[in-house]
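All remarks here apply to the structure that follows.
Where a number appears in this text, it was derived from the coordinates with a stated rule and is not lab data. It should be emphasised that the depicted structure is a prediction, and the values quoted were computed from it without experimental measurement. All Cβ positions, even for glycine, are placed from backbone atoms using ideal geometry, and neighbour counts span all protein chains on display.
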Amino acid sequence: MKATAVAPSNIAWVKYWGRRNDALVLPTNSNFSMTFGPTKTNPEGMHTTTTVEFSDAFDMDTVIIDGKEADRNAYDRTVAHLNIIRGLAGVNYRFKMESRNNFPYGAGFASSASGGAAEAYAASEALGLRLSKEKLSVLARLSGSGSAARSVHGGWVMWQKGEREDGEDSHAIRVFDENHWPDVRVLATVLDDKVKGVRSAEGMKESVESCPLYALWPSTAESDLKRLIPAIERRDFSTAGLIAEYNCRALHAIMLATREGPKDRPLIYFAPETIALMKQVHAWRAEGLEAYYTIDAGPNVKVICMKEDEATLTDRLKSLPFVKNVIPTQPGPGARLADEHLF
């Protein structure tokens with residue numbers, strides 16, 4: 001009863017922020033992402049590898065992330081998620097789970113998305129649950145990271161918000177595969193590799209409950225989504241890039257307008273370097289080097305460009321004194337099983 005899965009991270013071009021049902025992780029708006037895949041200069045891509053084993057020989061549940069025992073929040077989330085999977089399989093065996101990321105964990109690069117998808121796939125496979133991609137996407141969503149629903153699939157992916165109260169119609173679908181537009185590049189630019197101070201799930205809850213602008217967000221995101229999908233379909237880079245960049249700024253406007261919650265903290269994910277790089281991308285675009293940015297809940301910037309500008313932009317990014325690393329990605333495949341286990 002042991003299996004290993006590898007799941008990619010992803011970047012939303014139209015963001016998910018806010019839940020209509022916290023327990024079932026149901027979003028207030030549908031959203032759209034590109035799955036991070038490997039490139040010639042980065043053959044590893046950005047992914048999480050997870051091994052899960054169930055056994056009656058284990059006397060406790062164990063969760064290891066990047067070589068260390070998980071903190072209490074991560075441990076509790078994992079146990080709650082695998083309780084769902086144990087329930088589906090009708091077993092009560094204890095488990096050991098080990099997960100490794102090949103990119104910064106908890107820093108705004110959607111490690112919870114790749115982690116949740118890999119966890120769902122490995123655990124369900126270890127217990128003999130041969131799930132469809134649709135069911136696996138629902139199960140990944142229940143990891144606590146809604147974006148994990150998207151990391152099950154490759155290419156260009158939409159997470160449908162769904163309408164049902166039980167959430168069974170809230171799952172991701174692949175809209176275009178990874179070969180639809182292979183020349184798109186997303187340069188994941190590392191400015192700060194530390195774990196962010198406010199988890200996305202906590203931040204979005206505070207926005208829903210206290211941001212006076214939040215009522216505008218679902219319709220804004222859905223409108224952006226309706227314009228983005230046709231732009232991706234016709235491979236209109238300028239339109240798609242502008243929509244992604246605007247949607248990102250709209251999201252962070254919601255965050256900035258969120259009232260300080262019970263822990264008396266403003267919801268500001270940007271660092272000074274984040275703003276500096278945003279302005280730099282605008283300056284490069286003004287001089288004719290077409291690039292756009294998008295930023296999740298964290299300080300790190302993802303620079304969007306086309307293949308022909310990848311080398312130039314990578315060099316320019318690396319020349320900036322506050323850039324720690326640049327990880328190139330392109331549309332890639334979804335989650336898969338692996339034969340080699342972590343333990």
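Structure values in brief
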{"quantity": "In nm, spacing of pseudo-spin labels at E168 and S238 (7 Å Cα→C-beta vector)", "calculated": "4.7"}
{"quantity": "Segment 194-343 shape via C-alpha gyration tensor axes, a/c threshold 1.5", "calculated": "rounded"}
{"quantity": "Hypothetical label at D193: residues of segment 293-319 whose amide nitrogen lies under 20 Å (7 Å Cα-Cβ projection)", "calculated": "296-303, 314-319"}
{"quantity": "Modelled label reach - D56, point 7 Å along Cα→Cβ, segment 1-31 residues with backbone N closer than 14 Å", "calculated": "1"}
{"quantity": "Global geometry of segment 139-212, whether rounded, prolate or oblate, following the gyration tensor of its Cα atoms and the 1.5 cut on a/c", "calculated": "oblate"}
{"quantity": "Cα-based shape type of segment 117-267, given that a ≥ b ≥ c are square roots of the gyration tensor eigenvalues and the cut on a/c is 1.5", "calculated": "oblate"}
{"quantity": "L129 paired with F322, simple spin-label distance in nm, labels 7 Å along Cα-to-beta-carbon", "calculated": "4.4"}
{"quantity": "Charge dipole magnitude, Cβ of K and R +1, D and E -1 - segment 2-338, Cα centre, debye nearest 20", "calculated": "140"}
{"quantity": "Check: segment 257-343 dipole with +1 on Lys, Arg Cβ and -1 on Asp, Glu Cβ, in debye", "calculated": "300"}
{"quantity": "Kyte-Doolittle at least -1.0, axis length at least 18 Å by Cα - qualifying DSSP helices, the chain", "calculated": "72-89, 111-126, 217-233, 237-256, 272-286"}
{"quantity": "Percentage relative contact order, segment 2-338, counting C-alpha pairs under 8 Å, at least six apart", "calculated": "26"}
{"quantity": "Label zone at L216 (point 7 Å along Cα-to-Cβ), backbone N below 13 Å, segment 1-32", "calculated": "none"}
